[in-house]
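Notes to accompany the following structure.
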Amino acid sequence: MEIQKKIKELISENDVCLFMKGTPEQPQCGFSMAVSNVLKHLNVNFKGINVLEDENLRQGIKDFSDWPTIPQLYVKKEFLGGCDIVKELFEKGELKKLLEEKKII
């Protein structure tokens, strides 16, 4: 349960939290890169958490969200989704609107 506590802290301490493979500067998979690039494009200040550094974290975030894949994006403690959902929200203009409503951008 220690990893669940750590995940809750990370999500609570960061308005925008991206659990990803690699880092925002060096993504280790295309899906993580895509979400990271969307956030950078919108000039979002976000915390990238590299799940490859900790197998417990990698599995823990999947259990926490009940979502099977990485990356996972959280905004103001709310799970938004993975790569496909984030890209779709971005393309429809809904991601920018959501981030503006939550006073992120």
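Structure notes:
- Contact map, region 3-22: first residue touching a residue at least 12 places away in the same chain (Cβ under 8 Å) and more than 15 Å from P71 (Cα to Cα), second residue surrounded by fewer than 17 Cβ atoms within 10 Å (Cβ to Cβ) and of a type outside the set (K, R), Cβ cut-off under 7 Å, separation 6 or more or different chains; pairs are I3/N56.
- Answer from L73, L39, L52 - the residue that is among the aliphatic types (A, V, I, L, M) and surrounded by fewer than 18 Cβ atoms within 10 Å (Cβ to Cβ): L52
- Residues (part of a strand (DSSP E or B) and more than 18 Å from K40 (Cα to Cα)) located in region 55-105: E78, F79
- For beta carbons closer than 6 Å, sequence separation of 6+ or different chains, a first residue in region 83-105 that is touching a residue at least 40 places away in the same chain (Cβ under 8 Å) and a second that is part of a helix (DSSP H, G or I) and of a type outside the set (A, V, I, L, M, F, W, C), there are no qualifying pairs.
- Region 5-34: number of residues that are more than 13 Å from N50 (Cβ to Cβ) and not in a helix (DSSP H, G or I): 3
- Only listed residue being closer than 23 Å to E2 by Cβ and acidic (D, E), chosen from D84, D63: D63
Throughout, read-outs are computed from the coordinates displayed, never taken from laboratory work. None of these values were measured; they are calculated from a predicted model. Note that each Cβ is placed from the backbone with ideal geometry, even for glycine, and that neighbours are counted across all protein chains shown.
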